[in-house]
């Protein structure tokens with residue numbers, strides 16, 4: 001009754017499924033795990049907002065040449081009409097665009113780039129927290145060796161050092177005007193006790209402002225260059241690594257400022273696929289699962 005037995009893509013569904021009729025000018029490229037961490041590369045049309053006709057292709061794996069070989073089954077005239085594709089920072093994704101869509105502008109998703117910078121900040125916080133835990137363990141041992149009970153230092157907001165660092169995680173993701181009262185008090189103590197974290201937070205917010213306050217590709221490039229210069233001045237290892245990655249992808253990152261396109265639609269579509277997998281309590285018959293995905297989204 002479902003039509004699965006007569007499905008024209010049944011024989012190769014586990015390797016790939018394509019729907020050339022759904023292709024459009026603005027696409028998103030991403031990867032998603034179907035079952036047991038098995039990755040598929042997913043190409044979607046932004047125009048349909050994750051609904052019917054959104055799915056253009058799903059290909060097993062992320063190897064660029066394998067994916068491009070499947071996408072080559074879409075007529076060249078259709079592929080030539082694609083103007084823009086948003087993607088993450090993986091080089092394989094960029095290669096897929098290069099091989100399959102010669103006229104498309106690749107746009108590195110701003111949220112993946114911002115995540116890279118936020119992770120650099122969190123890396124510093126985690127390093128300080130590990131050091132605080134080591135320090136506390138040593139003080140506990142010392143107190144016990146003298147037959148005493150260890151009492152940690154309590155800051156004015158009621159946090160110990162390790163609690164301060166653990167509870168500061170979320171405030172470091174936010175701009176100051178979004179902090180609630182407790183976060184404002186905690187941040188004042190945090191930045192007083194750990195000046196390096198204050199520098200890291202300021203660099204992270206400066207990078208976010210490169211996106212918020214730039215209204216053209218040229219302006220964005222100028223703001224990024226100022227940020228790169230500040231990174232060199234501060235010389236913080238985790239940020240130096242992040243900055244180098246951003247430099248290597250600078251061209252496609254700056255393409256964001258043409259239409260301010262993001263990969264949010266792809267992330268939303270992937271979330272729907274994961275939710276669907278949860279609703280059906282996992283994937284036992286992969287072919288039939290992909291058939292149902294095709295029925296819903298192609």
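The values are calculated or read from the model by the stated rules, or taken from the named source; none is laboratory data. A quick note: this is a predicted structure, and the numbers were derived from the prediction, not measured. Quick reminder, even Gly has a Cβ in these numbers, built from the backbone with ideal geometry, and neighbours come from all protein chains shown.
Looking at segment 188-298, the helices (runs of 4 or more DSSP H) lying wholly inside it that each contain 2 or more residues that are under 30 Å from residue 164 (Cβ atoms) sit at 195-212, 217-234, 237-248. Scan segment 127-143 for residues that are surrounded by 13 or more Cβ atoms within 10 Å (Cβ to Cβ) and free of Cβ contacts under 8 Å to residues at least 24 places away in the same chain and the total you get is 5.
Hey, can you tell me all the residues within segment 227-236 that are touching a helix residue (DSSP H, G or I) at 6+ places or on another chain (Cβ under 9 Å) and over 20 Å from residue 212 (Cα atoms)? Result: 232, 234, 236.
With respect to the conditions (1) modelled with pLDDT under 95; (2) not assigned by TED's automatic domain parsing to the domain that holds residue 290, residue 124 lacks only one, and its number is (1). Looking across 162, 174, 230, 198, one residue alone is under 19 Å from the mean Cα position of the chain (by Cα) and surrounded by 12 or more Cβ atoms within 10 Å (Cβ to Cβ). It is 174. Looking only at residues in segment 1-52 that are farther than 25 Å from residue 75 by Cβ and touching a strand residue (DSSP E or B) at 6+ places or on another chain (Cβ under 7 Å), which one is modelled with the highest pLDDT? Looking at the filtered set, the residue picked out is 39.
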